[in-house]
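Here the structure comes first, spelled out in structure tokens, and everything after it is commentary.
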Ligand SMILES: NC(=O)c1ccc[n+]([C@@H]2O[C@H](COP(=O)([O-])OP(=O)(O)OC[C@H]3O[C@@H](n4cnc5c(N)ncnc54)[C@H](O)[C@@H]3O)[C@@H](O)[C@H]2O)c1
């Protein structure tokens, strides 16, 4: 077994499925203990983490609910210990034309995709400051740079994730806490497969240099790197992990 995250405790939001689940399992395989916050039951991820010999704590909560996130922060610390790594992954991506997006839709997607990252950072960064070591990794999206329809609210939240990453990094460098984001292309998950986004798979793959559909496993190596000591001098960055769709 590899040990790049030995003795680390990692929180992964939205770890019951898709990208978050893949990150949780990869981190556990590298020696981390794992805490998951998800609306859904994360039992399958928990079983996989346990099978890898690591400790796991799961809680069902809405990551956009301030009181629930604060309580989760306290519960994780008492169940596993002080947290070293936070992966803000939970998010939703409903497609809607601009004219049909209501203000309620707008506030909801901001609460889940943006407020959650702020609330989770408020819960876990203080402990990282005490340790003088920490990693915050936010999941943004390559859609920020792409020409994509019916995603005005989503793209705006993913832009906010990039701004949050850059600004928070500036305040935490003195504590050896790095804050970075990744920007995936469209990724094959149960949610995208059953979404109208699946209709855009071919066009998005055509925009990539590597012409195959991205999978969650394509992301875990970069997230692991950002969580490890190997990336200690990288902060405030958003790394496209997208088969070459976005070129810096
Ligand atoms: N799949 C893609 O194509 C793609 C591409 C770029 C970025 N992303 C981003 O990656 C992240 C994960 O995407 P995914 O495809 O794995 O999604 P997914 O739907 O497969 O999994 C998301 C998980 O988050 C949980 N979740 C959703 N809302 C929640 C809430 N309010 N509180 C707690 N848990 C909640 C869900 O229950 C689910 O387990 C999202 O932030 C998404 O924007 C996805």
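Tabulated results
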quantity: Using distinct alpha-carbon pairs, which all enter the 1/r mean, Kirkwood radius of the range 57-130 in Å; calculated: 13.5 Å
quantity: Calculated [θ] (222 nm, deg cm²/dmol) that DSSP helices of n ≥ 4 give over the chain, each run adding -39,500 (n - 2.57); calculated: -12500 deg cm²/dmol
quantity: Stokes-Einstein D (µm²/s) once Rh is taken as the Kirkwood radius of the chain over alpha-carbon pairs, at 25 °C in 0.890 mPa s; calculated: 137 µm²/s
quantity: Overall Cα dimensions of the range 1-126 - principal axes, largest extent first, Å; calculated: 51, 27, 23
quantity: Cα Rg, Dmax (largest Cα-Cα span) when computed across the range 116-219, Å; calculated: 16.1, 47
quantity: Within the range 56-94, backbone nitrogen closer than 17 Å to the virtual label 7 Å beyond the Cα of residue 104 toward Cβ; calculated: 94
quantity: Residue among 59, 198, 29 with the largest mean-square fluctuation in a Gaussian network model of the chain, springs linking Cα atoms under 10 Å; calculated: 198
quantity: Measure of compaction for the range 90-149 (Cα Rg per 2.2 N^0.38 Å); calculated: 1.46
quantity: Length-normalised contact order of the range 1-138 in % [C-alpha pairs under 8 Å, at least 6 apart]; calculated: 24 percent
quantity: Rg/Rh for the range 1-67, where both radii come from Cα atoms and Rh is the Kirkwood radius; calculated: 0.97
quantity: With Cα atoms, 0 to 90° folded angle of helix 18-29 axis to the chain main axis; calculated: 30 degrees
quantity: Gaussian network model of the chain, springs between alpha carbon atoms under 10 Å - residue of 30, 99, 75 with greatest fluctuation; calculated: 99
quantity: Full-extension gain in nm, residue 209 to residue 7, via 0.36 nm per residue minus C-alpha separation; calculated: 69.0 nm
quantity: Angle in degrees between helix 116-131 and the longest Cα principal axis of the chain, rounded to the nearest 10; calculated: 30 degrees
quantity: Crossing angle, helix 152-172 versus the chain [Cα axis fit, 0-90 degrees, rounded to tens]; calculated: 30 degrees
quantity: Gain upon complete extension [residue 201, residue 95; 0.36 nm per residue less C-alpha separation]; calculated: 36.8 nm
quantity: Relative contact order %, the chain, counting alpha carbon pairs below 8 Å whose residues are six or more apart; calculated: 19 percent
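No lab work stands behind these numbers, since they all come straight from the coordinates. Remember, it's a predicted structure, so these values are computed and weren't measured experimentally. All Cβ positions, even for glycine, are placed from backbone atoms using ideal geometry, and neighbour counts span all protein chains on display.
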